[in-house]
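Below: the structure, in structure tokens.
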Amino acid sequence: MNSIIFTAGARLLVALVFVFSLFMLLRGHHLPGGGFIGGLLGAVAFIIYSLACGPEETRKALRLSPESIAVIGLGIALLAGLFSFFMGDPFFTGQWYWVGGDSYETSVFSINTVLVFDIGVYLVVLGGILSLTFAFEEEA
Amino acid sequence: MSWVLVMPIAVPFATAVVAYLARNFPAGRWISVAGSALSLIVSALLMIAVLDQGVIAAQMSNWSAPFGITLVADYLSAVMVVITAITGLATAIYALGEIPESTERLGFHALFQTLIAGVTGAFLTGDLFNLYVWFEVMLIASFSLLVIGGGKERLDAGIKYVALNLVSTLVFLSGIGLLYGVTGTLNMADLRGAVAAAENQGLITVIAMMFMVGFGVKAAVFPLFFWLPASYHTPYFAISAVFAGLLTKVGVYALMRMFTLVFVGDVGFTHEILLWVSLLTMFTGVIGAAAQMDFRKILSFHIISQIGYMTLGLALYTPLALMGGVFYLVHHIIVKANLFFVAGLAKQYTGDTDLTRIGGLYKSAPLLAALFIIPAFSLAGFPPLSGFWAKYLIVKAAIELDYWFVAFVSLLVGLLTIYSMTKIWGYAFWKPHPEGYDPTPDRAPARVTTAMITPIAALAAMTIVIGFYPEPFVQFAQTAANQLLDPSDYVTTVLGVQP
């Protein structure tokens with residue numbers, strides 16, 4: 001697409017949408033948001049970029065192939081589930097470490113496996129959607 | 001305890017991830033083999049735990065049943081998981097020889113491992129919606145495996161396969177929705193009580209029929225089998241074998257589970273339908289096979305015919321019949337996967353699977369001929385091979401109920417199976433090659449043929465072991481059948497297990 005307005009606007013938009021997608025990812029679990037919606041938004045950011053600059057350029061920006069991103073995401077999600085093994089809990093039990101407190105209300109923030117799982121979902125969705133759209137774009 | 005149940009699913013998934021990342025290196029295929037071997041080990045551990053305790057269950061994420069997802073294994077689930085791992089390992093080894101490097105680069109091994117994970121998950125889950133998810137995992141992986149490697153024929157088969165399976169999944173999903181609306185739960189153990197207590201039993205029967213149609217398409221029973229012969233003869237032989245061995249059996253397993261655990265309110269109605277469906281499945285399958293002249297198409301139709309025996313075991317609904325059904329399920333996976341493996345190797349030697357265009361294998365590859373005879377005669381039910389015991393149990397159960405017609409059809413279908421098997425034997429093995437040329441094993445490199453003949457020999461050996469030493473397997477099937485008919489252990493283990 002050879003529109004100067006779109007290409008110029010895309011630069012701004014891509015960064016904004018992408019930051020918003022990360023915000024949605026981190027906001028998840030306690031508030032609306034999470035890996036799936038974040039991954040979709042992240043994919044939208046890259047799709048805008050590929051509409052403006054072409055899929056080859058986007059593949060370069062991604063560095064890894066979208067399929068690999070999706071599979072790595074699957075691995076991360078699996079690891080998040082397996083982590084509870086070391087804590088003696090069943091598969092996928094969320095492990096929480098509260099910083100500065102002992103629950104959601106009292107602590108400043110938390111480190112947990114749920115976020116790791118969400119990051120995995122984020123990457124699976126991002127990679128999956130992008131490999132689909134690239135397939136369409138590159139065929140056309 | 002819960003980890004014993006998780007590992008058979010987690011190991012193939014982890015293998016898929018690693019194998020995909022290593023897909024451009026020769027190490028990728030060895031990772032697949034190693035992962036399959038590890039799967040077999042963890043499945044064996046699951047089997048040991050089940051033999052020790054009867055039924056085991058685990059609540060994922062510590063959400064107690066019936067709210068969370070429960071993984072549960074009784075005898076039937078455990079044996080299906082083990083047999084899946086065995087088939088997976090055999091196929092991973094066979095794929096070393098058959099699958100070209102260009103296909104491996106597309107992520108063949110990762111897709112294959114995902115398929116195995118999906119099948120294992122379907123056998124282990126105790127939650128209906130989770131079962132739907134595993135069906136989807138299987139469908140996505142199997143569709144990709146059907147079309148991988150390209151070609152018009154494969155795409156054609158793939159589209160038929162995916163369209164008809166999507167319909168079945170939708171019917172299944174609608175059934176789940178309705179069932180949830182009526183009972184308010186989707187945990188299978190919890191459903192047993194909830195369905196029995198439901199006010200509108202008529203509606204429950206309607207839902208049961210939706211499940212029967214949904215699973216029936218998956219299991220390829222009459223008259224819903226048409227997608228199977230349209231698609232199973234096109235992909236790589238390793239893929240055909242794993243599809244033939246495992247995918248339809250997931251449908252049979254789901255039927256067995258749902259129609260012994262949940263939908264038992266109107267056995268006279270539902271199981272009567274299943275009985276006629278089974279007989280027609282057996283008969284149309286074997287007649288369809290008689291008309292075919294392609295190695296794999298004959299075998300595909302025979303899958304359908306044999307599925308009839310398994311559902312027949314369920315339909316007769318006596319301890320002996322169910323025991324025969326379970327035994328049949330296990331025996332058939334080994335035998336059928338093996339026959340497809342043999343077809344693949346026969347193609348390597350002769351260059352085709354059309355029976356009119358090949359021949360002379362008996363002379364040039366006597367070992368392959370011997371290895372074909374074992375699963376082929378087992379399939380037809382020759383004593384003392386494993387298929388004989390499977391058919392014997394089913395026929396005996398039918399006679400005990402004075403269902404003479406059922407017994408007659410079972411025996412007749414066995415006879416017609418021999419017709420097809422001797423046809424393959426005559427055309428592919430005995431007859432000289434039509435172009436007068438001698439199919440020699442040298443056409444394929446030794447690396448290829450060794451990788452392909454190893455799993456064939458191993459599975460044939462298992463068929464012989466089950467045939468000559470059936471006692472422990474029959475006893476196992478008996479316990480499995482008793483657990484199916486009296487699932488009180490299953491229910492208390494799932495609902496009573498403390499997280």
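Annotations
- Taken over the range B:119-137, the residue count meeting the criterion of being within 13 Å of chain A (Cβ to nearest Cβ) and part of a helix (DSSP H, G or I) is 4.
- Inter-residue pairs, beta-carbon under 6 Å, first in contact (Cβ under 8 Å) with a residue 24 or more places away in the chain and in the range B:355-376, second among the basic types (Lys, Arg) and surrounded by fewer than 17 Cβ atoms within 10 Å (Cβ to Cβ), 6+ apart: B:Gly359/B:Lys431
- Comparison of B:Ala49, B:Ala44 shows that the only residue that is closer than 23 Å to B:Ala241 by Cβ and surrounded by fewer than 18 Cβ atoms within 10 Å (Cβ to Cβ) is B:Ala44.
- Count - residues of the range B:17-65 that are assigned to a helix (DSSP H, G or I), small (Gly, Ala, Ser) and either in contact with a strand residue (DSSP E or B) (Cβ under 6 Å, 6 or more places away or on another chain) or touching a residue at least 24 places away in the same chain (Cβ under 8 Å) (or both): 10
- Counted residues, the range A:28-45 - those being surrounded by 16 or more Cβ atoms within 10 Å (Cβ to Cβ) and farther than 26 Å from B:Ala16 by Cα: 6
- Looking at the range B:282-374, none of the helices (runs of 4 or more DSSP H) lying wholly inside it contains 1 or more residues that are among the acidic types (Asp, Glu) and more than 26 Å from B:Ile116 (Cβ to Cβ).
- Breaking point among (1) surrounded by fewer than 22 Cβ atoms within 10 Å (Cβ to Cβ); (2) touching a Ser or Thr at 6+ places or on another chain (Cβ under 8 Å); (3) at negative phi, for B:Ser61: (3)
- Taking the conditions (1) polar (S, T, N, Q); (2) at pLDDT 85 or above; (3) over 18 Å from the mean Cα position of the chain (by Cα) in turn, A:Ser21 satisfies each one other than (3).
- Checklist (1) more than 24 Å from the chain's Cα centre (by Cα); (2) part of a helix (DSSP H, G or I) applied to B:Asp402, failing item: (2)
- Any pair with Cβ under 6 angstrom, 6 or more apart, that starts in the range B:455-483 at a residue that is of a type in the set (Gly, Ala, Ser) and ends at one that is assigned to a helix (DSSP H, G or I) and surrounded by fewer than 20 Cβ atoms within 10 Å (Cβ to Cβ): B:Ala481/B:Pro319
- Filter pass, B:Gly268 being surrounded by fewer than 24 Cβ atoms within 10 Å (Cβ to Cβ) and small (Gly, Ala, Ser): yes
- Qualifying residue in the range B:198-206 (condition: out of contact with any helix residue (DSSP H, G or I) (no Cβ under 9 Å at 6 or more places or on another chain) and of a type in the set (Gly, Ala, Ser)): yes
- Odd one out for B:Leu355 among (1) surrounded by 24 or more Cβ atoms within 10 Å (Cβ to Cβ); (2) more than 16 Å from B:Gln478 (Cα to Cα): (1)
- The residue that is farthest from the chain's Cα centre (by Cα), counting only those in the range B:98-109 that are surrounded by 21 or more Cβ atoms within 10 Å (Cβ to Cβ) and part of a loop (DSSP other than H, G, I, E, B), is B:Gly107.
- Checked against (1) within 12 Å of chain A (Cβ to nearest Cβ); (2) within 23 Å of the chain's Cα centre (by Cα), B:Met60 meets all criteria but (2).
- Residue that is surrounded by the most Cβ atoms within 10 Å (Cβ to Cβ) [pool: residues in the range A:63-73 that are under 14 Å from A:Glu138 (Cβ atoms) and either touching a helix residue (DSSP H, G or I) at 6+ places or on another chain (Cβ under 6 Å) or not hydroxyl-bearing (Ser, Thr, Tyr) (or both)]: A:Pro66
- For the range B:171-210, the set of residues classified as within 27 Å of the chain's Cα centre (by Cα) and aromatic (Phe, Trp, Tyr) consists of B:Phe172 only.
- Residue selected from the range B:187-228 under the condition in a loop (DSSP other than H, G, I, E, B) and in contact with a Leu (Cβ under 6 Å, 6 or more places away or on another chain), by the criterion surrounded by the fewest Cβ atoms within 10 Å (Cβ to Cβ): B:Phe222
- Test: residue in the range B:77-96 that is within 14 Å of chain A (Cβ to nearest Cβ), assigned to a helix (DSSP H, G or I) and not basic (Lys, Arg): no
- Filtered residues of the range A:53-82 (kept if closer than 12 Å to A:Leu130 by Cβ, among the β-branched types (Val, Ile, Thr) and within 14 Å of chain B (Cβ to nearest Cβ)): A:Ile69
- Only residues that are touching a Gly at 6+ places or on another chain (Cβ under 6 Å) and closer than 27 Å to B:Tyr75 by Cβ were counted across the range B:13-38, and they come to 2.
- Listed by first and then second residue, the pairs with beta-carbon distance under 9 Å, at least 6 apart or on different chains, first residue in the range B:401-414 and without any contact (Cβ under 8 Å) to a residue 60 or more places away in the chain, second basic (Lys, Arg) and in a helix (DSSP H, G or I), are B:Ala407/B:Lys396; B:Leu411/B:Lys391; B:Gly414/B:Lys391.
- Given (1) touching a residue at least 40 places away in the same chain (Cβ under 8 Å); (2) in a helix (DSSP H, G or I); (3) within 27 Å of B:Leu191 (Cα to Cα), index of the condition B:Phe112 fails: (3)
- From the list A:Phe85, A:Phe117, A:Phe92, the lone residue that is under 30 Å from A:Val44 (Cα atoms), touching a helix residue (DSSP H, G or I) at 6+ places or on another chain (Cβ under 9 Å), at pLDDT below 85 and within 14 Å of another protein chain (Cβ to nearest Cβ) is A:Phe92.
- Among the conditions (1) closer than 20 Å to B:Ala110 by Cβ; (2) at pLDDT below 90, A:Phe109 misses just one, which is (1).
- Yes/no for A:Glu56 being acidic (Asp, Glu) and without any contact (Cβ under 8 Å) to a residue 24 or more places away in the chain: yes
- Scanning the range B:141-159 turns up no residue that is of a type in the set (Asp, Glu), at pLDDT 90 or above and in a helix (DSSP H, G or I).
The values are calculated or read from the model by the stated rules, or taken from the named source; none is laboratory data. Given the structure is predicted, the values throughout are model-derived calculations rather than measurements. Note: ideal-geometry Cβ built from the backbone for every residue, glycine included; neighbour counts use all protein chains shown.
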